[in-house]
Amino acid sequence: MTTKRAQTREARPLNRETFIQPWPEAGLIVTDSPYDSVPSLVIEDGVIVEMDGVRRADFDMLDCFIAAHSLDLDVAAEAMTTPSCEIARMIVDIQVSREAVLRLTRGCTAAKLVDIVRSMNVLEMMLGLTKLRARRTPANQAHVTNRKEHPALLAADAAEAARRGFAEIETTVGVSRYAPLNALAILVGAQIGRGGVLTQCAVEEATNLRLGMRGLTTYSETLSVYGTERAFVDGDDTPWSKAFLNAAYASRGVKTRFTSGTGSEALMGHAEGKSMLYLEARCLLVTRGAGSQGTQNGSISCIALPESLPGGVRAVLAENLIAMMLGLEVAAGNDALASHSEMRKSAKLMLQFIPGADFVTSGYGAIPRYDNMFGGGNFDTTELDDWYVIQRDMQVDGGIHPIQEADVLRLRERAARAIQAVFDAFDFAAISDVEVQAAITAETSAEMPDRDKVADIKAAQMLLNGPITVIEVIRALAEAGFHEAANNLLEMQRQRVIGDYLQPSGIFAEGFHVQSALTDANDYAGPGTGYRVEGERWERIQAIPQAWNPRSEGERGRGGEGESPKSKTCGERSESIQNRKSEGWLEELGVAQVGVETEVVIAVGPAFGAAIQETIGGLDLRDVLEALLAGIADEGVPARVVRVHHTSDCAFIGHAGAKLSGSGVAIGIQSKGTTVIHQRDLAPLENLELFSMAPNMDLTTYRQIGRNAACYALHKPTSPAPVKIDNTARLRLIVQTTLLHRRETALVEDRPPSTLRL
């Protein structure tokens, strides 16, 4: 047997995931494997003869490469003899500069790097990210793919992603031979959206390099490295071949990051009993030794494996931190689907989102998850608004910003037209106007017309093997009238020759201004220093389309779940308010007197039927008042309406009415609809019945309130009126409540209640 509560928890999305206990021998442990090496470094005559407990004669190929290329021997002795906990404290000490930390970590072995972060908790590591990331300004990377490899949709999605602020856009393929067309489509689309956005196509490395040499891509992060020799060999590579490939990209002005991540060696079956974090530290030393600008890490596609183990998410954060300790640009993961639980997924994201990273994600799905060919993606277009609001909530820069829908439509059409023109110029299979129109508004590629796949693959091979380069693409765009995109592409080629964006963490801000670890160095040194979201950037981040001006549109924002059937659009409300103002449907007759007969007084707030004409649920206040009067009449009791001027508090409005009522019973109602049935001999904050859920009340409820008040006046037994409980009402409507109550309070006057007539 189990409790029903346990059964409910069992059905939660979190419990679709796998959790295991550590198994060090299989590499299924994130840190502190008993088989991990112990930090050590012995140097004789300028040569490393022992590293992390392994003698030179027993070095594997990673040890050989790291010893030859990855350590600064000028500081190695000092670094290795400095207590690890002391270096960890230097990382979080705002009085110690980033440069001072990096000077020491250049001499640290893999085991030493792991030993440093071992003593740090998650909060301390997050502070380390804030201080140690290479570039001062955080950024973000997008995924743009689709199942049909449709060029018009790829171009449109790339343009939108670029305008939303993504600094890099990455695509991949379902069919490898489509790679040149996909690379072309996002290249053109991105430069329509914003000049300087870097693009890549994640395919086999030889093909990727050829695309880069033709100018169809501008960065690459497909160079995978591993932490054990056997895994490297199974990956068909060595550290030296990766270094050569890195140099080949750099020689053609293509920015390069290596890719590694916690758990890959265990997944391949070659962990050698070492912990995931230790093996990742070896990967990162190889990455630096090979001269790469940075790394794509954060476990990437292996993320579910470390997350199945204790401390897995902490280890992923630790690998990001170690990469920054080595001066590498970091694309921090958060790209592959990390969890079925929205709460867990978001919690992991915050470890990089709040402190910032060179790239907060290694690929935010700028397309629906259905079309994400990188394994589904952790975040997609449906979550853009959530991302924007969290940035706004925390005044944090997550690398992107909101844009208006009109801008989206214009950009998407222009990008689809641009790739259509390029295909026409090269005599590829035509992109029809129907395809262009579909690409402008399509949710997924399922809504796109099918294309001639044989013809597209033929065109892709021509693009890869033939004489066409990016220069022909530029010419085609210019001749078709897409001059801005042509100029952006031409400038991109000029920047490749200059090579400034090949510095660590290099990206282009607007206007092709290079932001890198040299031109935009991280200068965090505690509160008031480093990158701050302020000025124009803060204005852009906070300008979400959902935000409305409370000064001019105080009636707006009542929609959503639980909306009253009688609610209207903002414009309709404004018009009806004006009409009722001219009608003057409530007339003030003079000071209200104390009654002597059995009656029910309806006491309304200062703004009722004057400055405010509707409840927060969208009900016409005239209809509400008539429903209350009808309910009282149902019991044969006379009613009187008074306006309370001296307070806007519902309880005190009701109590003031009760003191005027001949029966001692009154209904108090605020203009936003909150209602109370009060009695003269009760304390003001006591009552007979309280109806605080105004957004969920309808005219039937108000009529029942009138009946119950009449029954109390007659001393007849009655059951409390039923009300609908909605625990989301406060969350949805607290701002509207505040604005309506502010308007009511503004009309408070120090004078006695007055009698009203409809």
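For a distance above 17 Å, tell me the whole-number percent of Cα pairs in the stretch 265-384 that qualify. Summing the P(r) tail past 17 Å for the stretch 265-384 gives 56 percent.
Summarise the long-distance tail of P(r) for the chain by giving the % of C-alpha pairs beyond 35 Å.
57 percent
Compared with the dominant principal axis of the Cα atoms in the chain, helix 483-498 is inclined by about 40°. Principal axis extents of the Cα atoms in the stretch 150-220, from largest to smallest and rounded to whole angstrom, are 31, 22, 15. Loop-resident GluC sites (Glu not before Pro) (DSSP state other than H, G, I, E or B) in the stretch 417-468 with no more than 14 further Cβ atoms inside 10 Å of their Cβ: GLU443. Taking label points 7 Å from Cα along the Cα-to-Cβ direction, ALA746 and SER692 give a separation of 2.7 nm. As a rough footprinting exposure proxy, the listed residues ASP74, ASP115 were ranked by other beta carbons within 10 Å of their own, and the order from fewest upward is ASP74, ASP115.
How long are the semi-axes of the equivalent ellipsoid of the stretch 44-157, defined as square roots of 5 times the Cα gyration tensor eigenvalues? Whole Å, largest first. Could the numbers behind the result be given before it?
Details: eigenvalues 258, 108, 31 Å².
Over the Cα atoms of the stretch 44-157, the semi-axes work out to 36, 23, 13 Å.
Once the Cα-Cα distance is subtracted from the 0.36 nm per residue extended length, the LEU731 to ARG118 segment shows a gain of 216.6 nm. Comparing Cα centroids, the stretch 238-284 and the stretch 731-758 end up 65 angstrom apart. Mind giving me the FRET efficiency for ALA525 and ARG12? R0 is 45 Å, r the Cβ-Cβ distance, nearest 0.05 is fine. Computed FRET efficiency for ALA525 and ARG12: 0.55.
Our compactness index for the stretch 570-757, the C-alpha radius of gyration over the empirical 2.2 N^0.38 Å, is 0.95.
Could you estimate the translational diffusion coefficient of the stretch 656-704 from the Stokes-Einstein equation, with Rh from the Kirkwood formula over C-alpha pairs, at 4 °C and 1.567 mPa s, in whole µm²/s?
For the chosen part, D equals 115 µm²/s.
Mean residue ellipticity, 222 nm, helices only, the chain: the sum of -39500 (n - 2.57) across DSSP H runs of n ≥ 4, divided by residue count and rounded to 500, is -13000 deg cm²/dmol. In this Cβ point-charge picture (+1 for Lys and Arg, -1 for Asp and Glu), the stretch 335-486 has a dipole of about 340 debye about its Cα centre. Prolate is the label for the stretch 93-165, because a/c, from the alpha-carbon gyration tensor with a ≥ b ≥ c as root eigenvalues, is 1.5 or above and a/b exceeds b/c. When we measure straight from the Cα of LYS458, which lysines land under 26 angstrom away, once same-chain ones fewer than 8 places off are left out? Within the straight-line limit of under 26 Å, LYS458 reaches these lysines: LYS148. Computed from the Cβ-Cβ distance with R0 of 56 Å, the FRET efficiency linking LYS724 to LEU518 stands at 0.35. Between the beta carbons of THR444 and TYR35, assuming R0 = 30 Å, the FRET efficiency works out to 0.05 to the nearest 0.05.
Computed on the Cα trace of the stretch 300-454, the radius of gyration divided by the Kirkwood hydrodynamic radius gives Rg/Rh = 1.05. What distance in nm lies between label points placed 7 Å from Cα along the C-beta direction at ALA248 and GLU597? Between ALA248 and GLU597, the simple spin-label model gives 10.1 nm.
Restricting the GluC sites (Glu not before Pro) of the stretch 203-277 to loop positions (DSSP other than H, G, I, E, B) with no more than 16 neighbouring Cβ atoms within 10 Å leaves GLU204. In the chain, the DSSP beta bridges split such that about 45 percent are antiparallel, to the nearest 5. A straight Cα-to-Cα reach below 28 Å connects LYS242 with the lysines LYS112, LYS255, LYS274, residues fewer than 8 places away in its own chain not being considered. Projecting the Cα positions of THR615, VAL54, TRP240 onto the charge dipole of the chain (unit charges on Cβ atoms of Lys, Arg, Asp and Glu, taken about the Cα centre) puts THR615 furthest along the positive direction.
Rule-based calculations on the coordinates, nothing more; no lab input. Being a predicted model, the structure only gives us computed values, none of them experimental. Methodologically, a virtual Cβ is constructed for each residue, glycine included, from the backbone with ideal geometry; neighbour enumeration extends over all protein chains shown.
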